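Just below is one structure, and these are the notes that go with it.
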Number of protein chains: 2
Amino acid sequence: MNETPAGRPTLETVARAAGASRATVSRVVNGSTTVRPDVAESIRRAIADLGYVPNPAARSLVTQRTDSIALILPESATRVFSDDAFFPGVIRGVGEALEKADKQLVLLLASTQSSHDRILRYVHGRTVDGVVLASMHGADTLPEELRAAGVPVVTSGRPLGEATVPFIDVEHASGVEAAMNHLVGLGRRRIATIAGPQDMVAGRERLAGYLTGLRALSGAVPLVEEGDFMRQSGIDAMERLLQRDPGIDAVFAASDLMADGALRTLRRVGRRVPDDVAVIGFDDVEAARFTDPPLTTVHQPIHEIGTRLAEQILRLVAGEEVEASVVLPTRLVIRESA
Amino acid sequence: MNETPAGRPTLETVARAAGASRATVSRVVNGSTTVRPDVAESIRRAIADLGYVPNPAARSLVTQRTDSIALILPESATRVFSDDAFFPGVIRGVGEALEKADKQLVLLLASTQSSHDRILRYVHGRTVDGVVLASMHGADTLPEELRAAGVPVVTSGRPLGEATVPFIDVEHASGVEAAMNHLVGLGRRRIATIAGPQDMVAGRERLAGYLTGLRALSGAVPLVEEGDFMRQSGIDAMERLLQRDPGIDAVFAASDLMADGALRTLRRVGRRVPDDVAVIGFDDVEAARFTDPPLTTVHQPIHEIGTRLAEQILRLVAGEEVEASVVLPTRLVIRESA
DNA sequence: GACACTCGAGAGAGCGCTCTCACGAGTCGC
DNA sequence: GCGACTCGTGAGAGCGCTCTCTCGAGTGTC
């Protein structure tokens, strides 16, 4: 039944079967309209009969496209990977959007130092048309190096220094300020914060939002402990906070995971939430709905961050211009912890 | 300085710069030993000077290899993706192992029905050398179709029917039995379970383990409610369980997330854990250490599942034989909830 | 009816690489 | 000192595809 018993059918095989030339079959495969309907039809039949699938390597050799996009998660991201809903959410958003555009998602997990070179080598080889960088740490030189290599790049989160590549971010500060206003409106006067790492923009801006929000309270002094966005650090930071000022009546944590940790510490020492201490987090991950009590938090559109990243990189790859930055809104979601 | 101002350097460019032939440069690039040291050295220098990186498309066109492996997460997996530490953990394990072998990880998120065809098309196009399938649902025909397509496949989790492809799984039943024995040893007599979906092997085997474990208790009747492995379903199932038998003194949940949900329900209705009701989960995700109280659970080596999957697919791709199945041990981790 | 024109289809080059084969220059044995 | 052998290197084909160029047939115009 199959004319070429050995191996997969090629354009040539299909062409012979359909009595046409390789070029015409290629036209049909790529949806050219300049093929007579009956010819196109018989070619399509031959394709179906033979189970022909184009060889992407051969195709990209001539087109110089690969139709795939790399998503790079640097070390800092993979570290929290298994306990955080942020990156899975972003991956999913990016993946869905790329699927719609018929592009492939190549995941590069930069777990070790050595992977830096590997990534550069990979990208230089033009195995991907573009790169989405979930860059978090300020010191990271990867965005700039990729840009220098001439590869389209979009990053998630504003870089710490000057932004040399387009990025997608959210309104950290204004979201936190809304949280602070809510706390103040609740009559809270001694508001502490569990900040994120200060070498990440997300950590810095959320702290800045806290400081700005605190100004609404005349005479209030900042009370800051730093964590690493993960749960254990929230537990520990809350303990330090309580030691420094047992009279705290509210705390803003820069991530839901840290807020959950704070909740745990407060419960352990017998403080009621929100009665004694109000707690607000940031992210609005799935688990925030299930903390005890359910967490009031600043929502950021995680899934949309992913789809926007995909959208931007696709436009860049297509040679279109994109905005230097897209900043998505955040909003306060009020549950029971504040 | 660069001999070819336009575009990236090719083998040809390097060959001219080093005064050698394309073939010899190729030999050096691919680490052949049959090149005179001084020639090899000057070629290496030319490669470095020009910043030459092999074009993978051209290479795979002739070698018929792509050096990349697809990780397919079917619909059922992506659904829980954002609230579960299992798949991120597996992805990370697979990613790390593949990186060591210098292979790329291509992530295919099968979020919609249509992606089934897309995946098949993709795999038929031989864009990847092999496939790791995080197949969970019994009805899934993908493993078989992939096998039929002649692509090396390894799945995570034993398929429901007859296993036609090698798989990596864990000892579900014996782990659950250990949990049951622990409960019985604690003097618990009315032990219920929140089972997982019965169209997944993980769901079935964990239920089977519960039923076996229950036999140690003469006269005990099974008390089963089904969930979908996620938190909300644990909350709901626990409520139903309590309604059916308010005298329950222990519950085994087939996932940590469901166990956490059960904990929430128990707390809401004023049951103390473990005093009134002991709770044991399954998975030992990161969050299990942070539930209230910390969750006693059956540990499964999530990261190792990932690395083993990678290991097996790499061997398969290399043409080696692999075991039809690898079943990793589970063990009970005793914390405070039981 | 002859000309220009349009439009569909084929021929053929070439993308960058690997790999087989052939070849030239040393090396060795007798 | 000459044939046989080894070893490093080059020539060249070909992987499967796209795309330009060319060509032939059909259509329209005056």
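Each row is one residue, and each column tells you yes or no for (1) surrounded by fewer than 18 Cβ atoms within 10 Å (Cβ to Cβ); (2) under 25 Å from A:L207 (Cβ atoms).
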site	(1), (2)
A:T265	no, yes
A:D276	yes, yes
A:D283	no, yes
A:P301	yes, yes
A:I313	no, no
A:L316	no, no
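Would you confirm, using the coordinates I've provided, whether B:V327 is at pLDDT 95 or above, over 30 Å from B:A70 (Cα atoms) and of a type in the set (V, I, T)?
No, not satisfied.
Hey, could you check segment A:192-227 for residues that are of a type in the set (D, E, K, R) and crowded, with 21+ Cβ neighbours inside 10 Å and say which is farthest from A:S174 (Cα to Cα)?
My answer is A:E225.
Consider only pairs whose beta carbons are under 7 Å apart and that are at least six residues apart or on different chains; among these, list those whose first residue lies in segment B:8-31 and is closer than 19 Å to A:L61 by Cα and within 8 Å of DNA strand C (Cβ to nearest atom) and whose second residue is among the acidic types (D, E) and part of a loop (DSSP other than H, G, I, E, B).
From segment B:8-31, the pairs are B:T13/B:E3.
Hey, among A:V131, A:V123, which residue is touching a residue at least 60 places away in the same chain (Cβ under 8 Å), within 14 Å of chain B (Cβ to nearest Cβ) and either of a type in the set (A, V, I, L, M, F, W, C) or more than 15 Å from A:L316 (Cβ to Cβ) (or both)?
Sole residue among the options that is touching a residue at least 60 places away in the same chain (Cβ under 8 Å), within 14 Å of chain B (Cβ to nearest Cβ) and either of a type in the set (A, V, I, L, M, F, W, C) or more than 15 Å from A:L316 (Cβ to Cβ) (or both): A:V131.
Assuming A:V285 fulfils every condition listed in (1) in contact with an Asp or Glu (Cβ under 6 Å, 6 or more places away or on another chain); (2) under 20 Å from A:I248 (Cβ atoms) apart from one, which condition is it?
All conditions are met except number (2).
Quick check on my filter: what residues within segment A:244-261 are assigned to a helix (DSSP H, G or I) and closer than 19 Å to A:A220 by Cβ?
Correct list: A:R244 only.
Here's the yes/no breakdown for (1) charged (D, E, K, R); (2) at pLDDT 95 or above:
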position: A:Y210; (1), (2): no, yes
position: A:A216; (1), (2): no, no
position: A:Q232; (1), (2): no, no
position: A:D236; (1), (2): yes, yes
position: A:R240; (1), (2): yes, yes
position: A:L266; (1), (2): no, yes
position: A:V269; (1), (2): no, yes
position: A:V273; (1), (2): no, no
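Among (1) away from every other protein chain (no Cβ under 13 Å); (2) more than 15 Å from A:A179 (Cβ to Cβ); (3) touching an Asp or Glu at 6+ places or on another chain (Cβ under 6 Å); (4) surrounded by 22 or more Cβ atoms within 10 Å (Cβ to Cβ), there is one condition A:V327 misses while meeting the rest; what is its number?
It is condition (4) that A:V327 fails.
Before we move on, is B:G270 in a loop (DSSP other than H, G, I, E, B) and among the small types (G, A, S)?
yes
Could you tell me which residue of segment A:15-71 is surrounded by the fewest Cβ atoms within 10 Å (Cβ to Cβ), considering only residues that are assigned to a helix (DSSP H, G or I), β-branched (V, I, T) and within 14 Å of chain B (Cβ to nearest Cβ)?
The extreme case among them is A:V62.
Which members of segment B:124-173 meet the condition of being at pLDDT below 80, touching a Gly at 6+ places or on another chain (Cβ under 8 Å) and surrounded by fewer than 24 Cβ atoms within 10 Å (Cβ to Cβ)?
B:G138, B:L160, B:G161
In segment B:44-63, which residues are more than 12 Å from DNA strand C (Cβ to nearest atom) and either of a type in the set (A, V, I, L, M, F, W, C) or closer than 19 Å to A:V62 by Cβ (or both)?
B:A46, B:A48
Note down all Cβ pairs under 9 Å where the first residue falls in segment A:315-338 and is without any contact (Cβ under 8 Å) to a residue 40 or more places away in the chain, the second is charged (D, E, K, R) and surrounded by 14 or more Cβ atoms within 10 Å (Cβ to Cβ), and they're at least six residues apart or on different chains.
Here the result reads A:E321/A:R315, each pair linking segment A:315-338 to a residue that is charged (D, E, K, R) and surrounded by 14 or more Cβ atoms within 10 Å (Cβ to Cβ).
Looking at segment B:27-42, which of its residues are β-branched (V, I, T) and either near DNA strand D (Cβ under 9 Å from one of its atoms) or more than 27 Å from A:E145 (Cβ to Cβ) (or both)?
B:V28, B:T33, B:T34, B:V35, B:V39
Would you check if A:I313 is part of a loop (DSSP other than H, G, I, E, B) and modelled with pLDDT of 95 or more?
Here the answer is no, as A:I313 does not meet what is asked.
Hey, does segment B:263-281 have a residue that's hydroxyl-bearing (S, T, Y) and within 18 Å of B:L241 (Cα to Cα)?
Yes.
Please go through segment A:229-243 and give me each residue that is within 14 Å of chain B (Cβ to nearest Cβ) and either in a loop (DSSP other than H, G, I, E, B) or not small (G, A, S) (or both), ordered by number.
Scanning segment A:229-243 gives A:F229, A:M230, A:R231, A:Q232, A:I235, A:D236, A:M238.
The values are calculated or read from the model by the stated rules, or taken from the named source; none is laboratory data. Since the structure is predicted, the reported quantities are computational estimates derived from the model, not experimental observations. Note that each Cβ is placed from the backbone with ideal geometry, even for glycine, and that neighbours are counted across all protein chains shown.
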